[in-house]
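The values are calculated or read from the model by the stated rules, or taken from the named source; none is laboratory data. For clarity, every value in this text was computed on a predicted model and none was experimentally measured. Because the Cβ atoms are built from the backbone with ideal geometry, glycine has one as well, and the counts that use them run over all protein chains shown. All accessible areas refer to the heavy atoms of the entire protein, side chains included, with ligands and DNA or RNA removed. Shrake-Rupley method; radii C 1.70, N 1.55, O 1.52, S 1.80 Å.
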Amino acid sequence: MRRVLLLSVICAALVACGGGNVKIDNGNVNVVVSTTVPTLSSLRVTGSGAASSASAVSIASGDFTVEWDAVAVDASTLNLYLSADAVKDTSDLDLFLTANPQKNSRAQLSWKASQVQISLAGIPQDVSTFFAASPSGKGYIIARACGIVIDTANGERKECQQKEVGVVLLK
């Protein structure tokens with residue numbers, strides 16, 4: 001009993017002093033043992049056919065670049081999605097995947113309005129389902145950076161951070 005009380009006091013002191021990987025959940029000590037979840041600090045869409053406004057980046061036919069700033073380890077991933085809304089779900093189109101979002105911090109894409117396709121490395125992807133959900137072409141580029149968290153209370157679980165940028169694909 002004395003050891004449990006001492007451990008609780010030490011953990012409470014660590015939490016109070018900013019020991020961010022130790023938390024008290026419902027009276028139980030929860031220690032994050034390992035995490036590979038990236039920190040995603042920014043997301044930008046730029047390019048020759050892209051023009052920014054306060055609410056969205058307009059993308060005319062042509063090349064555009066999606067760049068992000070992340071602090072990550074090799075065991076994390078980052079996906080880029082095209083979505084009609086800012087919420088990641090199964091209807092979103094998967095545009096890009098990297099196994100290390102810190103070292104690989106950009107994706108060069110091409111929007112071909114006449115063919116309703118976005119290409120990555122010359123491989124086209126039909127985006128007509130996006131226009132079915134959003135006929136005006138308004139939507140979001142979503143960056144979702146994921147890794148694994150292992151802690152004493154919940155075991156191993158996938159955890160993600162997300163950033164989104166409003167876009168309008170011009171036809």
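Quick look at the values:
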| quantity | calculated |
| --- | --- |
| Residue that is nearest to the chain's Cα centre (by Cα) [pool: residues in segment 127-148 that are more than 16 Å from Trp111 (Cβ to Cβ) and in contact (Cβ under 8 Å) with a residue 12 or more places away in the chain] | Arg144 |
| Test: Ser91 is part of a loop (DSSP other than H, G, I, E, B) and either at positive phi or not basic (Lys, Arg) (or both) | yes |
| Matching residues, segment 110-120, being in contact with a strand residue (DSSP E or B) (Cβ under 6 Å, 6 or more places away or on another chain) and either touching a residue at least 24 places away in the same chain (Cβ under 8 Å) or open to solvent by 80 Å² or more (accessible area, probe 1.4 Å) (or both) | Ser110, Trp111, Ile118, Leu120 |
| Count of segment 149-165 residues which are touching a residue at least 24 places away in the same chain (Cβ under 8 Å), outside any loop (DSSP other than H, G, I, E, B) and more than 14 Å from the chain's Cα centre (by Cα) | 3 |
| Conditions (1) modelled with pLDDT of 95 or more; (2) in a strand (DSSP E or B): number failed by Asp63 | (1) |
| Positions within segment 28-48 being in contact with a Leu (Cβ under 8 Å, 6 or more places away or on another chain) and modelled with pLDDT under 85, in sequence order | Val29 |
| Sole residue being over 30 Å from Ile150 (Cα atoms) and open to solvent by 70 Å² or more (accessible area, probe 1.4 Å), chosen from Asp85, Asp94, Asp74, Asp126 | Asp126 |
| Pairs with Cβ under 9 Å, 6+ apart, first in segment 39-62 and free of Cβ contacts under 8 Å to residues at least 12 places away in the same chain and more than 25 Å from Asn100 (Cβ to Cβ), second assigned to a strand (DSSP E or B) and not polar (S, T, N, Q) | Ala51/Val57; Ala51/Ile59; Ser52/Val45; Ser53/Gly166; Ser53/Val168 |
| Tally, over segment 69-93, of residues that are more than 17 Å from Ser41 (Cα to Cα) and among the β-branched types (Val, Ile, Thr) | 2 |
| Subset of segment 48-69 that is aliphatic (A, V, I, L, M) and more than 15 Å from Ser136 (Cβ to Cβ) - its residue that is most open to solvent (accessible area, probe 1.4 Å) | Ala54 |
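Conditions tested, residue by residue: (1) under 16 Å from Ile59 (Cα atoms); (2) touching a helix residue (DSSP H, G or I) at 6+ places or on another chain (Cβ under 8 Å); (3) open to solvent by 80 Å² or more (accessible area, probe 1.4 Å).
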{"position": "Pro101", "(1), (2), (3)": "no, no, no"}
{"position": "Ser105", "(1), (2), (3)": "no, no, no"}
{"position": "Gln108", "(1), (2), (3)": "yes, no, yes"}
{"position": "Gly147", "(1), (2), (3)": "no, no, no"}
{"position": "Glu156", "(1), (2), (3)": "no, no, yes"}
{"position": "Gly166", "(1), (2), (3)": "yes, no, no"}
